[in-house]
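Following: one structure in structure tokens, then a few remarks.
Computed from the coordinates by the stated procedures, all read-outs in this text should not be read as laboratory data. Everything numeric here is computed off the predicted structure, so don't read it as measured data. All Cβ positions, glycine included, derive from the backbone under ideal geometry; neighbour counts span all protein chains shown.
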Amino acid sequence: MSSKTRDPQVTHKIMSAVKSKDTRPELMLRRALWHENMRYRVNFKNLPGKPDIVFTKYKIAVFVDGDFWYGHNWALRGMSSFEEELEGYSDYWRTKLLRNIERDKENDLLLRSMGWTVIRFWESEIKKRC
């Protein structure tokens with residue numbers, strides 16, 4: 001095993017601990033919205049992509065995108081592009097991240113075709129501003 005390769009069992013344990021809902025950035029954004037008297041629903045499962053926050057009255061779907069999972073980590077790590085960051089990943093992770101991004105685009109198109117407005121926030125933006 002090279003010095004850059006981590007034991008797959010260690011990676012599995014780390015990734016299993018990653019939350020998919022009620023993450024810290026989601027909670028921060030929800031708290032800020034609530035403080036501004038903006039009322040919403042959370043984890044609304046009846047829509048494509050399962051938005052994190054939904055304003056049903058106004059048909060607004062809000063997603064909180066994790067920097068790593070949705071291809072923004074490169075900007076935080078001082079790299080010049082997402083492609084540069086992908087060069088350091090295995091084929092599995094490269095494929096996984098690219099598919100996440102593609103799936104988001106598909107869900108955004110579906111939501112817009114249903115008359116919804118889609119808003120996406122990077123977790124790092126929320127952490128800076130809330």
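Here are the numbers for this structure:
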item: Estimated FRET transfer efficiency (GLU102, GLN9; beta-carbon r; R0 25 Å; 0.05); result: 0.30
item: Net lengthening on full extension, GLU87/ARG39 (0.36 nm per residue, minus Cα-Cα); result: 13.1 nm
item: Dipole magnitude (debye, nearest 20) for the range 26-103, charges at Cβ of Lys, Arg, Asp, Glu; result: 740
item: DSSP bridge orientation in the range 24-129 - percent antiparallel, rounded to nearest 5; result: 45
item: Options THR95, VAL42, THR23, ranked by Cα towards positive dipole end of the chain, top entry (Cβ charges); result: VAL42
item: Cα lying deepest toward the dipole's positive end in the chain, options ILE119, GLY71, SER81, charges on Cβ; result: ILE119
item: Point-charge dipole on Cβ atoms (K/R +1, D/E -1) for the chain, about Cα centre, debye to 20; result: 680
item: All-pairs alpha carbon distance profile, the chain, 5 Å steps from 0, percent; result: 2, 9, 17, 19, 19, 15, 9, 5, 2, 1, 0
